[in-house]
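Throughout, read-outs are computed from the coordinates displayed, never taken from laboratory work. As the structure is a computational prediction, the values presented were derived from the model and not from experiment. FYI the Cβ positions are ideal-geometry reconstructions off the backbone, even for glycines, and counts take in every protein chain you see.
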Amino acid sequence: MRNISLILKQFSRSVLLVAGLAVCGFSAHAQADAAKGEALFKAKCTACHKIDVRMTGPALGPQLTQETDDAYLTKWIQNNQALIAAKNPKALKIYNEFNQAGMTVFSELSDADVGNIITYVRTEWKKMQDEKAKAPAGGSATTEDQGPSSVIIWGLLGVIVIAFIVILVLNKVIATLERLLLNKGGVALIEESEDDEAAKAKANRAEVFKKLIKNKKLVFFVVLCGTIALGSWQWVTMWNTNVHQGYQPVQPIKYSHELHAGAMKIECQYCHVAAFKGKNASIPSLNICMNCHKSVKTESPEIHKIYDALGYDPNTAKYDSTKAKPIQWVRIHNLPDLAYFNHSQHVKVGGIKCQTCHGQVQEMKEVYQYSPLTMKWCIQCHRRTEVNGKGNAYYDSILAAHDKIKKGEKVTAAVLGGIECAKCHY
């Protein structure tokens, strides 16, 4: 009996120990704060990760839900390089899957901080899955605005036709009533046939026309007005030949300058990099777009046009050059071949703002040609614009040349910029 009691005591202690450890583990897990985890996630993780979409790193929602070993996840987040160096199988698998791209080491995060991040990610992923399950099978619950139905349109047309018929009938009734009243009052009405009325009206028109033709002053005035109108129309037509002010073509990708240059306040030369140093402002490279849109608005159909043009797969974050194809942008601003225009001269040397020639681009959803870009327009601008030569290396060289001329010294074409490449090669 004594042996049995000892066995029961040892067993009860073991059960209590296991229960205590389970309670501690549960309480530790329950103490994880999703709100703190959200703040840490936004500060530390959003540059490379999203919860539901793959970016530079994997989508964390399914990744952290499938991986239940929180101790391993904590070590990976705090120092993934140590796990890779130790040849940990899980660490090596994820490391090789993402082309051996090194993840940032977050040694400053405590175990509690990591636990908060993991709790936040799992909670948000569960919410996303629940919302997706609640959504109707046919897709979005909201219906698209398809405009007025054809029934309403045909109904309105029917009402208009009926109203027109009613007006005609009322006119006939009114004319009949007028005749009855006149007959009742003893006024005799002379009925004329329709042919007689038509002949009389035709004779009256012919007589009026003959009188107008004989009026020499009126004829001279009409001929003079016609000549002036025709000449003005011809002059305006020739003057505006090949002037495309207001030209606004439809582009293959809907890019809003109002959003990027206006709301986001992105500098023009972040995309048009050559405007500051070259003749042409240049069409922005799609790689510039990918600086942001590799992780921003990845669900947009317009952004997927960029992905298709680059042969980029957002799920694997890899490029396939065999699928790449250029985007057929439509040029808006065109100058004749005989005209030479250099962006760098105006933007860098002259300090001219983009809006001077291109209008308030930051307010345009779709860009159009703001200025006429005619020779007259350019000459007027050159006459109005004052030159500020203070602290400008380009004008300093011209002023130095002027000083040499005043002193009677020799001035070569090179001093005036005659050996600059763009003088001949453009």
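The table that follows gives values for the structure above.
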item	result
Distance between modelled label sites at Thr316 and Leu338, nm, 7 Å Cα→Cβ extension	5.5
Candidate lysines - alpha carbon under 16 Å from Lys202, same-chain residues fewer than 8 apart omitted	Lys210, Lys211
Distance histogram for region 33-134 (every C-alpha pair counted, 5 angstrom bins, percent rounded to whole numbers)	2, 13, 22, 28, 20, 10, 4, 1, 0
Contour minus Cα-Cα distance for Lys214 and His425 (0.36 nm per residue)	69.1 nm
Counted charge near Asp403, where neighbours are those whose Cβ lies closer than 14 Å (Asp, Glu -1; Lys, Arg +1)	+2
Computed E for Glu178/Met375 - FRET, C-beta separation, R0 56 angstrom, nearest 0.05	0.25
Burial order of peptide ranges 150-163, 35-48 (average beta-carbon count within 10 Å, highest first)	35-48, 150-163
Global form of region 153-240, assessed from the alpha-carbon gyration tensor, a/c cut-off 1.5	oblate
Given Lys75/Lys126; Lys294/Lys348; Lys279/Lys390; Lys265/Lys297, the pairs whose alpha carbons are separated by over 21 Å	Lys75/Lys126; Lys294/Lys348; Lys279/Lys390
Stretchable slack from Ile283 to Tyr247, in nm (0.36 nm times residue separation minus alpha-carbon distance)	11.2 nm
Sites Met264 and Tyr394 - FRET efficiency at Förster radius 30 Å, r taken between beta-carbons, to 0.05	0.40
For region 281-426, convex hull of alpha carbons as volume per residue, Å³	192
Full-stretch length increase - Ser150, Glu409 - with 0.36 nm per residue and alpha-carbon distance subtracted	84.8 nm
